[in-house]
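Right, one structure below, let's go through it.
The values are calculated or read from the model by the stated rules, or taken from the named source; none is laboratory data. Model, not experiment: these values are computed from the prediction. No Cβ is skipped: glycine too gets one built from the backbone with ideal geometry, and neighbour counts run over all protein chains shown.
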Amino acid sequence: MNIVVCIKQVPETNDVRINNDTNTLIREGVPSIINPFDTYALEEALRLKEKLGGKVTVFTMGPPQAEEALRQAISLGIDEAILISDRRVAGSDTLATSYTLAEALKKYGEVDLIICGKQAMDGDTAQVGPGIAESLGLPHITYVKKIEEIRPDDRYLKVERMMEEGYEVIETNLPALITVVKEINEPRVPSLKGMMRAKKAEIVKWSAADLALDEKKIGLDGSPTWVIKIFTPEARSGGQMLQGSPREQVEQLAGKLKEIKLV
Amino acid sequence: MSYHLTDEQNMIKDLARKIAQEKIAPVAAELDEKEEFPHEILKVLARSDLFGVYLPEAYGGTGGGCFEQCLVVEELSKACAGVAVSYAGSGLGCYPILLFGSEAQKEKYIPPLARGEKLGAFGLTEPDAGSDAAAIAMTARREKDHYVLSGTKQWITNGGEADIYVIFAMTDKKKGSRGASAFIVEKGTPGFDFGKKENKLGIRSSSTRELIFNDYKIPEANLLSREGMGFIIAMKTFDVTRPGIGAQAVGIAAGALDAAVKYSHERRQFGQFISSFQAIQHMLADMATLTEAARALVYSTAQMIDRGEKNVSRFSAMCKVFASDTAMKVTTDAIQVFGGYGYMKEYPVEKMFRDAKITQIYEGTNQIQRNIIALDLIKGLARKK
């Protein structure tokens, strides 16, 4: 079985700082980590490989220093790592990023399953996973919390998809793309031998030219999304709990809504 | 302080720290409260290759030595000394085989210990033989091609949890300490049972248990080295494992220091952080200085051992004494910095204080360590004459 995991390197902080001139994240001086949601994708891929055999390859698109995230992935047991890095893809939005990663996957060749984290901790869009699948014309299932059954030879996959309450059971054909939530597993800690291997491992590097990317679809020019402003919203003040029987609560609520002239 | 660690040593330290922070710290208080053996955490350590950091590659390790093991023990001890001793206790059971085992014994017993698939333990102490290790009463009677072991071992770390035990018994009582021998014993064989599990002041997640041998037969192939070598095996083993206790103590002290520094900058009294008071600052300064000095002594001793230098007993004893006394002092002062909160179980320092005490007692009390140091000083005088 051939599995690809797409990961993103993100700043290790909950206190994200923003450059107000460019509306981008300030990465300087902030240590970088693998996007936490992607660690579940890596773990699930490794578990599938342990069960079914095959190979796991990790992809990332980012600046040259994103190589560090790939080495961390190798230390966990990932077989091969590919870094897509080029000044021309800098500033890509989720559409341009999805396009770029999809082109890289085409160049890579046949894949049975692509796994992504449900979203990146910094951008929080949850769009790149599905975007890659759309670009490749593959079925995709988001928010997977369990792989119930997978039979690569029959091109069959059955998963549980997390909902706000309960879950959906979805079947699909392989190849497919799934994005996973943290409920799916508990990521492993790297091994010492894995870390030693990661230190020496060769990282495959692809540029925009290597992928013959359409210049109009990458980087800032290829990104229809324009970020007008990024800001930290003010913390919401505490809510008010209504007491009493349902009827009393409804009366209180209606009164409040009238009071603030919402109805 | 920088100690010129190699890339690999830095990796080991980072990996142990990651496991300590992510897997141990969140459950340390609960394991302590429930006296629960850390099975899951030891599995994580095994999968991460940390059980083999001090063992040669030929036996499944990663080729480091005493120093690498100390780095792991220190990091684990920052989060929980009970977990750390369960890890280190396996090493204590493995070292006699590494140092004195035949090639066949090493090939059979060390690889599963290096992979952490099996746990090791070391059984010397008895109810009436503690500091006076030569007073052991357990006997090993030779019969044809096997030995018959009878007696009881007390307070054995990893007792009941370990698979491979190195056990000391008298093969010839008349010879005193020269009549002791060491044997490799496996769990699950008839005649070898476990007694009560102790309820302890500290390191409560670790297992401390009685081992009971009742006419227990083992093949002569399980004798370690030769008959009569038991006492020497024990002493030579302690020479290389005492820095591990030192590292455990350094870890406990460092954990308490970190907690105290952080707390001093959160707690406000008289309208300011207590870290702004000189009374607190000087305590923290002394805690940090002692901890760093203990670390330097432990590391230097471990490096001496790894260079294969002879006559390490004195330094092994010194680093164990100094680090464990430091851990006791630093954890006591950490509680003082926390004040009343430090005395409460909701905060981590009271556990560190309870855990620290054992480091002054096991693997030779600090009084015995001072005997070793003094004896070596006097021997040195005799050598000069």
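Which count do you get for residues in the range B:142-184 that are surrounded by fewer than 20 Cβ atoms within 10 Å (Cβ to Cβ), assigned to a loop (DSSP other than H, G, I, E, B) and in contact with a strand residue (DSSP E or B) (Cβ under 7 Å, 6 or more places away or on another chain)? Of the residues in that region, 3 qualify. Among the candidates B:91, B:82, B:130, B:63, the residue that is within 14 Å of chain A (Cβ to nearest Cβ) and out of contact with any strand residue (DSSP E or B) (no Cβ under 6 Å at 6 or more places or on another chain) is uniquely B:63. Across the range A:244-263, the number of residues qualifying as charged (D, E, K, R) and assigned to a loop (DSSP other than H, G, I, E, B) comes to 1. Beta carbons closer than 9 Å, at least 6 apart along the sequence or on distinct chains, pair a first residue in the range B:44-63 that is free of Cβ contacts under 8 Å to residues at least 60 places away in the same chain with a second that is of a type in the set (A, V, I, L, M) and outside any helix (DSSP H, G or I) for B:44/A:189; B:48/A:189; B:61/B:53; B:61/B:55; B:62/B:53; B:62/B:55; B:63/B:53; B:63/B:55. Restricting attention to the range A:204-229, the residues being β-branched (Val, Ile, Thr) and surrounded by 14 or more Cβ atoms within 10 Å (Cβ to Cβ) number 2. Among the residues of the range B:198-228, those identified as buried (at least 21 other Cβ atoms within 10 Å of the Cβ) and hydrophobic (A, V, I, L, M, F, W, C) are B:203, B:211, B:213, B:218, B:223, B:224.
Among the residues of the range B:191-249, those that are among the hydroxyl-bearing types (Ser, Thr, Tyr) and either part of a loop (DSSP other than H, G, I, E, B) or in the same structural domain as residue B:83 (by TED's automatic domain parsing) (or both) comprise B:205, B:206, B:207, B:225. When the range B:75-105 is filtered for residues that are assigned to a helix (DSSP H, G or I), more than 27 Å from residue B:260 (Cβ to Cβ) and over 10 Å from the mean Cα position of the chain (by Cα), the ones remaining, listed by number, are B:93, B:94, B:95, B:96, B:97, B:98, B:99, B:100, B:103, B:104, B:105.
Residues in the range B:337-360 that are of a type outside the set (Asp, Glu) and surrounded by fewer than 16 Cβ atoms within 10 Å (Cβ to Cβ): B:339, B:340, B:341, B:343, B:344, B:345.
In the range B:256-263 there is no residue that is surrounded by fewer than 24 Cβ atoms within 10 Å (Cβ to Cβ) and on the phi > 0 side of the Ramachandran plot.
Any chance the range A:149-162 includes a residue that's assigned to a helix (DSSP H, G or I) and without any contact (Cβ under 8 Å) to a residue 40 or more places away in the chain? Taking every residue of the range A:149-162 in turn, at least one turns out to be assigned to a helix (DSSP H, G or I) and without any contact (Cβ under 8 Å) to a residue 40 or more places away in the chain. Taken over the range A:187-243, the criterion of being more than 14 Å from chain B (Cβ to nearest Cβ) and not in a loop (DSSP other than H, G, I, E, B) is satisfied by A:204, A:205, A:206, A:215, A:216, A:217. Evaluating residue B:196 against the criteria (1) within 24 Å of residue B:110 (Cβ to Cβ); (2) modelled with pLDDT under 95 leaves one unmet condition, (1). Within the range A:151-203, take every residue that is surrounded by fewer than 19 Cβ atoms within 10 Å (Cβ to Cβ) and hydroxyl-bearing (Ser, Thr, Tyr) and give me the one that is farthest from residue A:48 (Cα to Cα). Of everything passing the filter in the range A:151-203, A:167 is farthest from residue A:48 (Cα to Cα). Among the residues of the range A:86-129, those identified as surrounded by fewer than 20 Cβ atoms within 10 Å (Cβ to Cβ), out of contact with any Leu (no Cβ under 9 Å at 6 or more places or on another chain) and small (Gly, Ala, Ser) are A:109, A:126. Every condition in (1) farther than 25 Å from residue A:131 by Cβ; (2) of a type outside the set (Val, Ile, Thr); (3) more than 14 Å from every other protein chain (Cβ to nearest Cβ) is met by residue A:152 except one, and the failing one is (1).
For residue B:282, state whether it is in contact with a helix residue (DSSP H, G or I) (Cβ under 6 Å, 6 or more places away or on another chain), more than 21 Å from residue B:85 (Cα to Cα) and not assigned by TED's automatic domain parsing to the domain that holds residue B:71. Against the criterion (in contact with a helix residue (DSSP H, G or I) (Cβ under 6 Å, 6 or more places away or on another chain), more than 21 Å from residue B:85 (Cα to Cα) and not assigned by TED's automatic domain parsing to the domain that holds residue B:71), residue B:282 does not qualify. Across the range B:25-45, the number of residues qualifying as within 11 Å of chain A (Cβ to nearest Cβ) and either surrounded by fewer than 22 Cβ atoms within 10 Å (Cβ to Cβ) or under 25 Å from residue B:291 (Cα atoms) (or both) comes to 3.
Of all the numbered requirements in (1) surrounded by fewer than 20 Cβ atoms within 10 Å (Cβ to Cβ); (2) assigned to a helix (DSSP H, G or I); (3) not polar (S, T, N, Q), residue B:72 misses one, and that requirement is (1).
For residue B:189, the conditions (1) over 17 Å from residue B:214 (Cβ atoms); (2) of a type outside the set (Phe, Trp, Tyr); (3) at pLDDT below 95 are fulfilled apart from (1). When both residues are 6+ apart or on different chains and their Cβ atoms are under 8 Å apart, which pairs have a first residue that lies in the range A:43-69 and is at pLDDT 95 or above, and a second that is assigned to a helix (DSSP H, G or I) and of a type in the set (Phe, Trp, Tyr)? As it stands, the answer is A:57/A:108; A:59/A:108, since those pairs meet every condition given.
Annotation: of all residues in the range A:31-60 being over 14 Å from the mean Cα position of the chain (by Cα) and within 19 Å of residue A:85 (Cβ to Cβ), the one that is surrounded by the fewest Cβ atoms within 10 Å (Cβ to Cβ) is A:32.
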